[in-house]
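Participant: A single structure is presented below for examination.
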Amino acid sequence: MSVEQRYQPHDECPLFSESLEAHIVAVTRGTAPNHGTFCGNCYTPLARDSERCPHCGETTATRAPVDEIPAEVIEMLRQQRKTESSIVNSFAYAGFIIAIIGGLAIVLGIPYLRAHLLPATIVYTLILLIGGRTLAGVLGGYYGDHIAFDRARTRLRAQWAEWVREP
């Protein structure tokens with residue numbers, strides 16, 4: 001790797017441009033090659049005749065474009081997405097488990113439902129469908145998403161700082 005200064009965003013955390021992220025996803029899925037013209041500073045894909053990166057603003061005269069995205073940068077995005085996915089899914093499953101346990105508590109806690117299987121089944125099904133979906137959405141989609149973003153960003157910030165320090 002060259003000893004020149006690498007791209008450092010203002011908050012010390014790399015923000016993959018949308019086009020870079022889309023390209024890395026395509027590369028990891030095997031639908032695109034890891035070849036092309038990329039900003040030598042932040043690795044955003046560039047048109048061959050570009051003189052300035054649309055993401056970081058670096059000029060191609062200052063920093064020559066590169067032909068491929070470094071494997072370390074690809075791995076950083078993969079780790080970021082893996083962290084986010086596992087946390088969001090964990091929160092969503094927790095919401096569904098709460099609905100299962102809460103539904104059982106309601107059905108078993110109401111004597112009429114305990115004694116009548118059909119109404120108990122209907123009530124429990126409704127609790128699972130509505131409560132499970134709602135709790136999974138709220139816990140996973142809101143709380144899990146916020147926590148996952150912060151945790152993945154913290155990890156990405158540390159990985160990027162190490163990447164920038166490497167010669």
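The values are calculated or read from the model by the stated rules, or taken from the named source; none is laboratory data. A quick note: this is a predicted structure, and the numbers were derived from the prediction, not measured. All Cβ positions, glycine included, derive from the backbone under ideal geometry; neighbour counts span all protein chains shown.
Participant: Return yes when residue 144 is small (Gly, Ala, Ser) and surrounded by 16 or more Cβ atoms within 10 Å (Cβ to Cβ) and no when it is not. Outline the logic, then answer.
Facilitator: Working: small (Gly, Ala, Ser): yes; surrounded by 16 or more Cβ atoms within 10 Å (Cβ to Cβ): yes.
When the stated conditions are applied, residue 144 passes them.
Participant: Sticking with this structure for a sec: Looking only at residues in the stretch 37-50 that are small (Gly, Ala, Ser) and surrounded by fewer than 16 Cβ atoms within 10 Å (Cβ to Cβ), which one is farthest from the chain's Cα centre (by Cα)?
Facilitator: 50
Participant: A further question follows. Residues of the stretch 147-163 being within 21 Å of residue 97 (Cα to Cα) and surrounded by 19 or more Cβ atoms within 10 Å (Cβ to Cβ), which ones?
Facilitator: So the first thing to find is which residues in the stretch 147-163 are within 21 Å of residue 97 (Cα to Cα), and the list is 147-148.
The answer is 148, and nothing else.
Participant: Also, quick follow-up: Residues 13, 56: which one is over 15 Å from the mean Cα position of the chain (by Cα), closer than 23 Å to residue 166 by Cβ and either at pLDDT below 90 or surrounded by 15 or more Cβ atoms within 10 Å (Cβ to Cβ) (or both)? Explain how you work it out, then say what you get.
Facilitator: Numbers: 13 fails: over 15 Å from the mean Cα position of the chain (by Cα).
Only one candidate qualifies: 56.
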